[in-house]
Amino acid sequence: MTDKDKMDGFLEDLFAEAQTDADAQVSDDFMARMLAEAEAYQPAALEPVATPQRSLSRALFDTLGGWQGASGLVAATMASVWVGFAGAESLSIDGLQAVLSGDFEFYLLDVGTEFSFELEEG
Amino acid sequence: MPRDTFHDASDDALLILYANGDTEAARALTLRLTPKVFGHAYRMLGDRAEAEDVSQEALIRLWKQAKVWRQGEAKVTTWLYRVVANLCTDRLRKTKGVALDAVPEPEDNALSAAEGMQHKARVDALQDALNTLPDRQKQAVILRHIEGMTNPEIAEIMEIGIEAVESLTARGKRGLAKALAGRKDELGYSDD
């Protein structure tokens, strides 16, 4: 064994001893301080955003599109009610009866010739 | 001492959890990193109180960095070792006030030998010898031979090439051999 090998062996032994050196280990007290400090410097956790509770009517209102959607729906409903009342006098009861009795022949014949379909060819 | 409950999580992942306010991650990361940081600082400085100051400063810098940590750029440990090395170098320059390459007289370890603390005497002798090395050589030898890192890892920490690491460790070992050559007998090391 050469002097260099002997010296290398000596150094390797010292390195191995240094790895287990108690002075290079962290004390419990210091570790406790570092744990406390890590928490002290830690950014606060993000708070979860609370979802507001909505009533059923509010949910329906939102589903319709809020004020704009609801206004449109009300306007359309009122318009259809008005159309229903305003047009009631001009409705022919004969037409309704024909549909209910299934007398389609009467109904089709009643249509003017210029609008009739060529059913025979169909 | 509390144990690390995030065995499989990387340091990077834990640091992100830390930044998001996860207290368990803070605990795990501290338990994992403090011994490494302190051990390196102690071996660089040879003084527990100074090593604690440096470790504390390095960890505080990491905690402050957590929010803006850029994942994948550098490993957390690599970054920390760099910070520790810089802090140690600053302290050594301030406290020594002498050229880093200056070789002080070996410390008289008669007291250790008298107390029969062979292990302590050997470790102290090595630390004395390490303290005679220039900072970069000392750091490379500590990382390679005491902390067991690979040359590529050391190269990354020291921001130099692998060949430069090999050169530093080789020169460092020659310096240690020279500093310890006359102390083999007193340290109980036989050539036989």
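What per residue convex hull volume, in Å³, comes out for segment B:1-84 when only alpha-carbon positions are used?
88
From the protein chains alone at 1.4 Å, what is the descending order of accessible area for B:Asp185, B:Asp12, largest first? Walk me through the numbers on the way to the answer.
Values: B:Asp185 135, B:Asp12 30 Å².
From most exposed to least exposed: B:Asp185, B:Asp12.
Got a sec? Charge dipole of segment A:1-43, +1 on Cβ for Lys and Arg, -1 for Asp and Glu; which of A:Ala16, A:Met31, A:Pro43 is way out at the positive end?
Of the listed residues, the answer is A:Pro43.
Hey, how many Å between the Cα centroid of segment B:7-78 and the Cα centroid of segment A:1-32?
A separation of 23 Å, based on Cα centres.
For B:Ala74 and B:Asn86 in the same chain, what is the full-extension length gain: residue separation times 0.36 nm, less their Cα-Cα distance, in nm?
Details: separation 12, 0.36 × 12 = 4.32 nm, distance 1.65 nm.
Net length gain for the segment: 2.7 nm.
Counting protein heavy atoms only and a 1.4 angstrom probe, how many square angstrom of accessible surface do chains B and A bury in total, to the nearest 100? Spell out each step's value before the answer.
Values: alone 11250 and 11720 Å², together 19180 Å².
Approximately 3800 Å², summed over both chains.
A:Ser55 accessible area, nearest 10 Å², 1.4 Å probe?
Ignoring ligands and nucleic acids, A:Ser55 comes out at about 60 Å².
Straight-line reach from A:Lys6: which lysines fall under 19 Å, measuring Cα to Cα and dropping same-chain residues less than 8 apart?
B:Lys173, B:Lys178, B:Lys184
Pairs of Cα atoms under 8 Å, at least six residues apart: use those to get the relative contact order of segment B:121-192, whole percent.
Details: 49 pairs, mean separation 28.1, N = 72.
Relative contact order, segment B:121-192: 39 percent.
When the solvent-accessible surface of protein heavy atoms is calculated with a 1.4 angstrom probe, in what order do B:Met44, A:Met7, A:Met78 fall, highest first?
A:Met78, A:Met7, B:Met44
Give me the one-decimal nm value for the distance between modelled label points at B:Ile60 and A:Phe61, 7 Å along each residue's Cα-to-Cβ direction.
5.5
The values are calculated or read from the model by the stated rules, or taken from the named source; none is laboratory data. Keep in mind the model is a prediction, meaning the values are calculated, not measured. Backbone-built Cβ (ideal geometry, glycine too); neighbour counts: all protein chains shown. Note: accessible area is taken over every heavy atom of the protein model, side chains too, but ligands, DNA and RNA are not part of it. Shrake-Rupley method; radii C 1.70, N 1.55, O 1.52, S 1.80 Å.
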